[in-house]
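One structure below.
Bear in mind these aren't lab numbers, they're just calculated from the coordinates by the rules spelled out. For clarity, every value in this text was computed on a predicted model and none was experimentally measured. No Cβ is skipped: glycine too gets one built from the backbone with ideal geometry, and neighbour counts run over all protein chains shown.
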Amino acid sequence: MTPKVEIIDLHKAFGSVEVLKGIDLEVHPREVVTLLGPSGSGKSTLLRCVNQLEKATNGLIYIDGVLQGRVEQRGKLHELGPHGVARQRLGTGMVFQQFNLFPHMTALENVVTSQRVVLGRSRSAADERAKAVLARVGLADRMSNYPGQLSGGQQQRVAIARALAMDPSLMLFDEPTSALDPELVGEVLAVIRELAHDGMTMIVVTHEIGFAREISDRVVFMDAGCIVESGPPQQVIGAPQESRTRAFLARHAAGDRAVPT
Amino acid sequence: MTTTEAPPDQLGARASGKSVRDAALPQARPLHLGRWAISLMLIALLALFIRAMTDNPNLDWDIVGKYLFDPTVLNGVKNTIVITVLSQAIGIGGGLLLALARLSHNPVLRVGAGSYIWFFRGVPVLVQLIFWFNLGLVFPMLSLGIPGTSAQLFSVSTNAAITPFVAVLLGLGLNEMAYMAEIIRGGLLGVPSGQREAAASLGMTPLQTLRKVVLPQAVRMIIPPTSNQTIIMLKISALASVITYQDLLTSVQLIYSVNLRTLELLIVASIWYVALTTVLTFGQSALERRMGRSLVTVTPVRRNVAARLIGMGARR
């Protein structure tokens, strides 16, 4: 079976700062993988590389067996142009820490626009799909509101709906609850949990240890640009082998929420 | 200190006869003596000025009235509007392209656009106007041929091609492009990078992202300085008078060179300039209201501030 995502020896440096120092990771279809680790450990950068928002310095990423960001022509690898990259991103949805909703559009327009522009769906087809996904995240009654009129939790749910409307087969979550007030975290986690139950392949960067333990098939603990430990949640969170993992979990168990990066 | 601020029901509980009595006293109105003094002075100065203008035997207001709607003047007004609109359109369109070039990944485009802006902001627009008008002195013929052959696709005398109208459009438009480029670039940079990333993650190409996500947000930031530029353009279009294009100023100059009523006709021109600026200002407000519709969280706050200001004014 082809892995959904295959990452081979991925390196990423910003100038002289090496953020990822050789990451190898496979994510299988329908698998939920959570990336844990202290701030600055490279989790978000790894996620952004998967969606080509960052260009890896070195290494290979395959999604559904297709090499990302580069294309082979006459025995040589060439950089993919912006249109090729846009096409490769189509099967992947991404949810950001800061929601990044389009403030000049209503919730409905946020979900409709990319379907129309990118997928070329008709007005009515896009509307119908948008209403369905907005209802799925519990916002059927908020469709005509602008992002500025919605709470953080509602905005993040619109952002999830916006990604889902493009019918992705892989979802990337970059600290989806880190910018939320504590009382709004639950409603967003509930939506992500439901997606996991429906069998969506997901890579989730989070600081919510309890949530990671609950939804993950596999937990990957990263520190200083390397994968320290990886395995089922009961192993990595329940009985960590590495001292760095234990130290991180101890800090979080003490109620010490890491500062969102 | 606190007695006058505390609500009356608390004062009763304090059981102090003096504070209860103070709370019952009516509030004295502040006198604002300084405001009255300054207002009187300004009104006096204004009255003196109006008298100097109206009571002046050297200023004939009937002439102003007579020429306000004179066909020559109206033609000048029309030409000034045409020049302003077209030059500003060239400025906005070209400025957008220059701004995109400056923000592009292509170093040749970046340097090219940067040099253009550097040059056109460096040379006075009056010099540019005169330069275009006199282009024929340097290049008597404008022709496009195939290098190495004598074949010519077209050829035209420069003086025939660069009429005063074309010279004004080139001078004002090309100059405006440089300023608009910087305004538009600022607007584009003001859109948070997360917006571009979100659009990209949805599979939008850079052009789709620009059209659907970045430009609509940047336009809001671009409108106020662009309106400003348009008003400036309206007025520097008067420079066209130095190269004989018949704009508003040239039209009144033509009239006063004959009847020698210089000041009266300059007042006529000024009335038109102020009227046109007023129209542009209203246009700007209308445009801003239209574009600001989705920023609903902002509007109620603004309205509150306005209501409070009005309320404050009424209480005084």
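Points to keep in mind about this one:
- Take each residue in A:88-100, count the other chain C-beta atoms within 10 Å of its C-beta, and the mean is 3.
- Taking the range A:158-261 and dividing mean pair separation by its residue count, relative contact order in percent (alpha carbons under 8 Å, at least six apart): 21
- Counting Cβ atoms of other protein chains within 10 Å of each Cβ in A:119-129 and taking the mean gives 0.
- Mean Cα-pair separation over length for the range A:1-139, i.e. relative contact order, pairs under 8 Å, 6 or more apart, %: 19
- Centroid-to-centroid separation of the range A:1-59 and the range A:93-161 [C-alpha atoms, Å]: 27
- Convex hull of chain B built on C-alpha atoms - directionally averaged projected area, nm²: 29.8
- Applying 1/(1 + (r/R0)^6) with r as the Cβ-Cβ distance of A:ASP167 and A:ARG123 and R0 = 22 angstrom yields a FRET efficiency of 0.80.
- At least 20 Å along the helix axis (C-alpha) and Kyte average at least -1.0, DSSP helices within chain B: B:33-54, B:71-102, B:107-122, B:164-189, B:215-236, B:262-291, B:298-315
- Most mobile listed residue (B:GLY190, B:GLY114, B:GLY34) in chain B, GNM with C-alpha springs under 10 Å: B:GLY34
- FRET efficiency for A:ARG193 and A:ASP64, using Cβ-Cβ distance with R0 set to 25 Å, rounded to 0.05: 0.50
- Karplus 3J(HN,Hα) series, Hz, for the range B:144-151 with 6.51 cos²θ - 1.76 cosθ + 1.60 (x for Gly, Pro): 10, x, 9, x, x, 10, 9, 5
- A cut-off of 5 Å between modelled amide H atoms, ignoring neighbours fewer than 5 places along the same chain, links A:GLY59 with A:HIS11.
- Rg of the Cα atoms in the range A:3-57, relative to 2.2 N^0.38 Å, amounts to 1.12.
- Taking a sphere under 13 Å around the Cβ of A:HIS78 and counting the other residues whose Cβ falls inside, with K and R at +1 and D and E at -1, yields a net charge of +1.
- Exercise: per-residue mean of other protein chain Cβ atoms within 10 Å, B:191-199: 5
- As a ratio to 2.2 N^0.38 Å, the alpha-carbon radius of gyration computed for chain A takes the value 1.01.
- Rounded, prolate or oblate (a/c below 1.5 giving rounded, otherwise prolate when a/b exceeds b/c) for the protein assembly as shown by Cα gyration tensor: oblate
- Environment charge at B:SER237 (Cβ cut-off 13 Å; Lys +1, Arg +1, Asp -1, Glu -1): 0
- Counting Lys and Arg as +1 and Asp and Glu as -1 over every other residue whose Cβ lies under 9 Å from the Cβ of A:PRO232, the net charge comes to 0.
- Cα-based shape type of the range B:153-238, given that a ≥ b ≥ c are square roots of the gyration tensor eigenvalues and the cut on a/c is 1.5: oblate
- The mean of 1/r over all distinct Cα pairs in the range B:174-286, once inverted, gives the Kirkwood hydrodynamic radius of 17.0 Å.
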